[in-house]
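Visitor: Below is a structure I'd like to ask you about.
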Amino acid sequence: MRHPILVPLLSLLPSVSALTIPSLQFPLISSSNNNQACPLPAKIHPEDDGLHPALNFVQDPRIRTQQVNRLSRAVQVPTTVSDYVTDPYDEAFAPFLTFHTLLEELFPITHQKSTLTKLNRLALLYTLPGTNPSLKPLLFTAHQDVVPIVNASDWSHPPFAGHFDGTWLWGRGASDCKNVLIGLLSVIEDLLAQDWTPTRTVILAFGFDEESHGFLGAGHIAPYLEEVYGAGGVEFVLDEGGMGEKGSLDLTLTLTTRGGHSSIPPPHTGIGIIAEIIHTLETALPFTPVLDATHPARKKLQCQVAHSPVHVEDWLPAALADTDYAALAERVAASRGEAVRFTLQTSQAADLIHGGVKSNALPETVFALVNYRVALHQTPEEVLERARGLIAPIVEKYDVGLVVVGDDGDEEGEEGEGGFGRLVLSTLAEPLRPAPVSPTHEESAVWMRFAGVTRDVFESVPSLKGKTVVVAGDIMTGNTDTRFYWNLSENIYRWSPSRVGGALNIHTVDERLAIDVHLEAMMLYYDLIRAFDGDHTVEPAHDL
Ligand SMILES: *[C@@H]1O[C@H](CO)[C@@H](O)[C@H](O)[C@H]1NC(C)=O
Ligand SMILES: *[C@@H]1O[C@H](CO)[C@@H](O)[C@H](O)[C@H]1NC(C)=O
């Protein structure tokens, strides 16, 4: 996951926990539940299928030890990717072949009984064909790659040692997201070891460049699956991550100006002009947060008000009724901090700059990149237009021509050449619009079953025993591979199931995962597969 914020499971009250998942709404009123704003979905428990209960994963010490070993060995293979890989045969991908061999060794039954399709050399697609092909398959996804290490000596334990300290499994990829990959394969291995045969096809899909842009892995998996199963041909997609997704846009600025000896400089060099542009982008027309009627975070807040009233701001219940969505959003953002602000507001960060080659030479080329994560109420086009509008008067002032390169690579700026130089505005990759909102109302059978299983599983785990689990949607500040899977299902959930504090330091030093949290996630995968495989019993919903 890129630049994630993970708050999937919030313990709000001794007796209440909120499970925040990527559904973008919440099941509507159920008749037996008088909590109108945030009804609890009926718990769903897999039918008595003769398989061992999901609780085994957290109760059997042999499974715990086995998971420590498997995850540790997975972390030990340094499957890092850089931002600029384009060829799966590049030498930099060699560790992925080692990783594949490791998976064959760790999961022999899965490799014997499933069909493994390799796409674009390194993407892995495991298919367990169901006996009833009329049922849409379940698609579980994760990625094999991890982000690079800046300086291994900053780590408490070497990043590729897979060190386990009795509670935490340390290392790059431990929580983003070899845990998901190993957890999914382990659950399948376990089911197959019990001679389980799926009724409904189950697919595991693992890309290998999610931390780059995903084009090589998921970009090849998605069209293949659409070809085989058709558009909308998948029951649901469950990926890593934390909830719904914003859009994204990398704006690049390349300024070329007249060079020369720096002893006879113009009043502003290319560096000065780029500096003024970035300063203007950061100070003029600030982005504002919006929490409108359809924003997924609204339902989460309503659920907190309904189920944890003493733990929310005392103004929140009344504020949620207000239709000034910008004022409400600003109040929530100011109260809850930056991580929440950027679920409601477009972010802007100047992340790269370089220019100049020598102390006595004027810079002829200056390059900058500004990264945007586009909030649900905006589009990448609006964000680009804003930047262009702010930049145009600056370049005009310095007699610099402005050229805008469209998605198709064509130059469209008629402002053209200026006497002093030329600024080219472009984007690094095709901008991504915010993800479609997954329908999660009461009429969505898929959502109701997903939420019901989630509640059933997490209310049964020992660490949450006696608490009521509330399942609600939200939005994350980054993106995952799911951008490629939009055509396959409207029910796309981005959620590495974990409790707050159970998966730490994703993308930075000392990444680590609490093994108990990992085992709880496996419980959910296991029961989701079982509950979607056959009939299921529905317990009546109850009130708090
Ligand atoms: C890595 O960190 C160590 C300890 O802080 C430091 O001594 C070393 O110079 C760093 N190496 C690099 C390449 O930055
Ligand atoms: C989704 O379907 C549309 C329409 O058929 C197609 O243009 C697009 O390329 C597909 N997207 C992906 C990611 O495959």
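The values are calculated or read from the model by the stated rules, or taken from the named source; none is laboratory data. These numbers come from a predicted model, not from an experiment. Heads up, the Cβs are rebuilt from the backbone with ideal geometry, glycines too, and the neighbour counts pull from every protein chain shown. What goes into the accessible areas is simple: the full protein's heavy atoms, side chains included, and nothing from ligands, DNA or RNA. Shrake-Rupley method; radii C 1.70, N 1.55, O 1.52, S 1.80 Å.
Visitor: If I take R0 = 22 Å and measure r between the Cβ atoms of W486 and S82 in this structure, what FRET efficiency does the formula 1/(1 + (r/R0)^6) give, to the nearest 0.05?
Guide: 0.25
Visitor: Can you compute the equivalent ellipsoid semi-axes for the chain, i.e. the square root of 5 times each eigenvalue of the Cα gyration tensor, sorted largest first and rounded to whole Å?
Guide: Working from the Cα gyration tensor, I get semi-axes of 43, 29, 21 Å.
Visitor: Could you tally up the Lys pairs in the chain with alpha carbons closer than 21 Å? Skip any pair fewer than 8 positions apart unless they're on separate chains.
Guide: Within the chain, the lysine pair count is 10.
Visitor: Taking a quarter of the surface of the convex hull around the Cα atoms of the stretch 211-356, what do you get in nm²?
Guide: 14.6
Visitor: Taking the Cα centre of the stretch 279-358 as the origin, how large is its charge dipole in debye, to the nearest 20, when only Lys and Arg (+1) and Asp and Glu (-1) carry charge on their Cβ atoms?
Guide: So the dipole magnitude of the stretch 279-358 works out to roughly 240 debye.
Visitor: While we're looking at this one, here's another question. Within the stretch 463-504, what residues put their amide N at less than 13 Å from the label point 7 Å along the Cα-to-Cβ vector of D165?
Guide: 504
Visitor: Further, regarding this structure: Report, in whole Å, the centroid distance computed from the Cα atoms of the stretch 35-75 and the stretch 440-463.
Guide: Result: 13 Å between the Cα centres.
Visitor: Same structure again: Return one number: the angle in degrees, 0 to 90 and rounded to the nearest 10, between the long axis of the Cα atoms of helix 270-283 and the longest principal axis of the Cα atoms of the chain.
Guide: Result, in degrees: 50.
Visitor: Separate question: Taking 0.36 nm per residue of separation and subtracting the Cα-Cα distance, what length does fully extending R64 through D49 add?
Guide: Taking 0.36 nm per residue and subtracting the Cα distance, the gain is 3.0 nm.
Visitor: Still on this structure, please answer the following. How much solvent-accessible surface does D48 expose, in Å² to the nearest 10, with a 1.4 Å probe and all protein chains in place?
Guide: 150
Visitor: I would also like to ask the following. At q = 0.13, 0.14, 0.16, 0.20 Å⁻¹, what is the log10 ratio I(q)/I(0) for the stretch 112-185, with the Debye formula run over Cα points and no solvent?
Guide: Log10 of I(q)/I(0), two decimals: -0.56, -0.63, -0.75, -0.95.
Visitor: Quick one: angle between helix 61-75 and the longest Cα principal axis of the chain, in degrees between 0 and 90, rounded to 10, please.
Guide: Between helix and principal axis, roughly 20 degrees.
Visitor: If you don't mind, there's one more thing I want to ask. On the Cα set of the stretch 81-215, report Rg and Dmax in Å, please.
Guide: Rg, Dmax (Cα atoms, Å): 16.3, 53.
Visitor: Tell me, what is the 1.4 Å probe accessible area of I353, in Å² to the nearest 10?
Guide: 100
Visitor: Once you put a point 7 Å from the Cα of D314 and another 7 Å from the Cα of H261, both along the Cβ direction, what distance in nm separates them?
Guide: 7.3
Visitor: Multiply the residue gap between T131 and L285 by 0.36 nm, knock off their C-alpha separation, and tell me the result in nm, one decimal place.
Guide: Taking 0.36 nm per residue and subtracting the Cα distance, the gain is 49.7 nm.
Visitor: Give me the three principal axis extents of the stretch 232-302 from the C-alpha atoms, as integers in angstrom, largest value leading.
Guide: 66, 31, 18
Visitor: Still on this structure, please answer the following. Counting helices only, and only those DSSP H runs with n ≥ 4, report the 222 nm mean residue ellipticity of the chain as the sum of -39,500 (n - 2.57) divided by its residues, in deg cm²/dmol to the nearest 500.
Guide: -9500 deg cm²/dmol
Visitor: Here is a further query. What is the spread of the Cα atoms of the stretch 428-490 along each of their three principal axes, largest first, in whole Å?
Guide: Taking the Cα atoms of the stretch 428-490, the three principal extents are 49, 27, 15 Å.
Visitor: May I pose another question? Projecting each Cα onto the charge dipole of the chain (Lys/Arg +1, Asp/Glu -1 at the beta carbon, about the Cα centre), which of N487, Q144, I515 comes out farthest on the positive side?
Guide: I515
Visitor: Here is a further query. Enter the angle in degrees (range 0 to 90, nearest 10) between the Cα long axis of helix 515-533 and the first principal axis of the Cα atoms of the chain, meaning the one along which they spread out most.
Guide: 70
Visitor: Calculate one ³J(HN,Hα) per residue across the stretch 222-227 by plugging θ = phi - 60° into the Karplus curve 6.51 cos²θ - 1.76 cosθ + 1.60, and present them in order as whole Hz with x for glycine and proline.
Guide: 4, x, 4, 5, 5, 4
Visitor: In Å and on Cα atoms, what radius of gyration and Dmax does the stretch 368-524 show?
Guide: 22.9, 73
Visitor: Let me ask another. For the stretch 276-345, what D do you get in µm² per second when you plug the Kirkwood radius from alpha-carbon pairs into Stokes-Einstein at 37 °C and 0.692 mPa s?
Guide: This corresponds to a translational diffusion coefficient of 252 µm²/s.
Visitor: Distance in nm between label sites at A152 and D510, each 7 Å beyond Cα in the beta-carbon direction?
Guide: Here the answer is 2.0 nm between the modelled labels.
Visitor: By how many nm would the segment from A94 to T252 lengthen if fully extended, with 0.36 nm per residue of separation less the alpha-carbon distance?
Guide: 53.8 nm
Visitor: Need one value: the accessible area of Y325 in square angstrom, 1.4 angstrom probe, rounded to the nearest 10.
Guide: 70
Visitor: For a quick size check, give me the Cα extents of the stretch 142-221 along its three principal axes, largest first, whole Å.
Guide: The Cα atoms of the stretch 142-221 stretch 49, 36, 12 Å along their principal axes.
Visitor: Taking one equal scatterer on every alpha-carbon of the stretch 446-531, how large is log10 of I(q)/I(0) by Debye at q = 0.18, 0.19, 0.22, 0.25 1/Å?
Guide: For the stretch 446-531, the Cα-only Debye profile gives -0.96, -1.05, -1.29, -1.41.
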